[in-house]
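Encoded as structure tokens, the structure appears first; notes follow it.
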Amino acid sequence: MKRWIDLQPHLRQMLGTEEYGTWIRPLSPVRLEGSTLVLSCTNDIVTDWVRDHLLRDIQTVARSHYGPDFHIELETPNGSHAPQTASVESSSTSTTGRHASPQMNPAYTFDRFVIGPSNQFACAAAEAVAERPGQAYNPLFIYGGSGLGKTHLLHAIAHRILHERGQRLRVVYMTTEQFVNQLINCIRRKKMDEFRSTFRAADVLLLDDIQFIAGKERTQVEFFHTFNTLQSAGRQVVFTSDARPADIPGLEERLRSRFLQGLLADIQPPELETRCAILREKARAIGWQLPEDVVLFIARRVQKNVRELEGCLNRSVAFAQLTSHPMTVDLVRTALSQLLPDEHRTSPPDVIRFVAHHYGVRVADLKGRSNRRSIALPRQVAMFLIREILNLSYPEIGKIFAKHHSTVIYAVDTVQKMRQSNPDFDATMTSFREHFES
Ligand code: ADP
Ligand code: MG
């Protein structure tokens, strides 16, 4: 069972701690039959999910450690073997000339990549590489968290080289998982020459998610040679990774230092402005124009992952279409209610407490009747912030303060006018808003 235990850190690295905990930890090794490791799990749901979604990946990881003939089988709780074992298939995208391969998403172009401070550098580096492959930065290593546009940029490089510039360069795009699978296949079929010539003929090699190579020694050796051949021939290599080279565990030192030879470019989670611009762009691409308050509502709630941001947009659009309701904040709130857990949400009392503290007044005063300016202004600010941050309706806010909704409208309006005429006040309001966003 040592074999299974030894794989654990690599599986955790591949899947992330959460998924690992959910799907891998419940599995236990039952026996090793020759080169077949049999796993089982008492939970049917986990068993089914793993079989349908993860077995191939687990297999790939296992084979990269224990050789191409290693098998993993999943036993169902009643004792029968799972009908299918995972199979490794080979696929790659190598393409020359005007047509990118089907594996490449046609929407992932530079035109459609929204630039902001968080990704500007990586995007500029990617464009430079696409303009002058092999000359600008080699290798280019783009890293950043999940769903922040790494794959998008990688495809954009391919599109730019292939169609927009019409160069007749051989571009090979591949996920590192595919690279590993193909390598394993070629070793098994004793076709290493073919493998080498495929890669070594590339003018541009784009390898997505290179962190997947972590801990796979045999793959790293082969990869090192491929990489050297390409680089010394002046061919361009671009990697993406979810971690910087120093943070990829089990990476050979010589590979790590190669990754650092060129340019390292990070992508950070986008700021609010950029998130809004991305939402507008994604909506435009599917023929929608969102009201600005809807854009803000979604952008404020999803902060760390553009893929999730897009998911929220798509869900909202589907919801509007299915219910034939117009796209409003209320509709979006309903559409996303299950996706955005309540406990992370700021509540009106949070905002009121914060404002009371800032102005040195009591919560009871803000909710009370006094119209002294020292109380009225903080109260107006609290109403404004609740409207801005939580998007509650005027009557809903009125209820919280036991005031008529016209008072809330007046308060929001007053604060807005003050922001326009008083830059210091405006800056304070911005910092309040940011306080609740992070
Ligand atoms: P990663 O490879 O970093 O996990 P992806 O490149 O797959 O992320 O991006 C996830 C989704 O977010 C894609 O649909 C991509 O188009 C979109 N996306 C990410 N960043 C941007 C951006 N700056 N502008 C437009 N779309 C973006
Ligand atoms: Mg990606």
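Here, each number is a calculation from the coordinates, and none is a lab measurement. Model, not experiment: these values are computed from the prediction. For neighbour counting, all protein chains shown are included, and Cβ atoms are generated from backbone atoms with ideal geometry for every residue, glycine included.
How many nm separate the modelled label positions at ARG3 and SER431, each set 7 Å beyond the Cα in the direction of the Cβ?
Using points 7 Å along Cα→Cβ, the separation is 6.1 nm.
In a shell of Cβ-Cβ distance under 14 Å around LEU255, excluding LEU255 itself, what net charge do Lys and Arg (+1) and Asp and Glu (-1) give?
Counting the neighbours of LEU255, the net charge comes to +1.
For the chain, find the longest principal axis of its Cα atoms and tell me its angle to the long axis of helix 373-385, 0 to 90°, nearest 10.
30 degrees
Going toward the positive end of the dipole of the range 272-335, with +1 on Lys and Arg Cβ and -1 on Asp and Glu Cβ, which of LEU309, GLY287, VAL329 do you reach last?
So the residue furthest toward the plus end is LEU309.
Taking a ≥ b ≥ c as the square roots of the eigenvalues of the Cα gyration tensor of the range 94-267, is the shape rounded (a/c under 1.5), prolate (a/b larger than b/c) or oblate?
Verdict is oblate for the range 94-267.
Toward the positive end of the charge dipole of the chain, about the Cα centre and with charges on Cβ (Lys, Arg +1; Asp, Glu -1), which of PRO348, SER406, ILE142 goes farthest?
Positive-end residue among those listed: SER406.
Could you give the angle, 0 to 90 degrees to the nearest 10, between helix 150-159's Cα long axis and the longest principal axis of the Cα atoms of the chain?
60 degrees
Suppose R0 equals 22 Å. What FRET efficiency, 1/(1 + (r/R0)^6) with r the Cβ-Cβ distance, do ARG196 and ARG254 give to the nearest 0.05?
That pair, ARG196 with ARG254, gives E of 0.75.
Give, rounded to the nearest 20 debye, the magnitude of the charge dipole that the chain has about its Cα centre when Lys and Arg contribute +1 at Cβ and Asp and Glu contribute -1 at Cβ.
That gives a dipole near 600 debye.
How much length is gained if the chain between ARG31 and ALA243 is pulled fully straight, taking 0.36 nm per residue apart and subtracting their Cα-Cα distance, in nm to one decimal?
Value of the extension gain: 72.8 nm.
Assuming R0 = 41 Å, can you tell me the calculated FRET efficiency for the pair HIS225 and LEU339, based on Cβ-Cβ distance, to the nearest 0.05?
0.35
Using only alpha carbon pairs under 8 Å that are at least six residues apart, calculate the relative contact order of the chain and give it in whole percent.
After rounding, I find 12 percent.
I'd like the orientation of helix 405-421 relative to the chain: the angle between its Cα long axis and the longest Cα principal axis, in ° from 0 to 90, rounded to 10.
Computed tilt is about 70 degrees.
Work out, step by step, the length gained on full extension between LYS304 and ILE286: first 0.36 nm times the residue separation, then minus their alpha carbon distance; give nm to one decimal.
This chain segment gains 4.2 nm when fully extended.
Pull out the extension gain between ALA107 and ALA364, defined as 0.36 nm times the separation in residues minus the alpha carbon to alpha carbon distance; nm, one decimal.
Here the answer is 87.2 nm.
Which order do the peptides 273-281, 178-186 take when ranked by the mean count of other beta-carbon atoms within 10 Å per residue, highest first?
Packing proxy ranking, top to bottom: 178-186, 273-281.
Are there any trypsin sites (Lys or Arg not before Pro) in the range 296-403 that are in a DSSP loop and have at most 15 other Cβ atoms within 10 Å? List them by number.
LYS304, ARG345, ARG362, ARG369, ARG372
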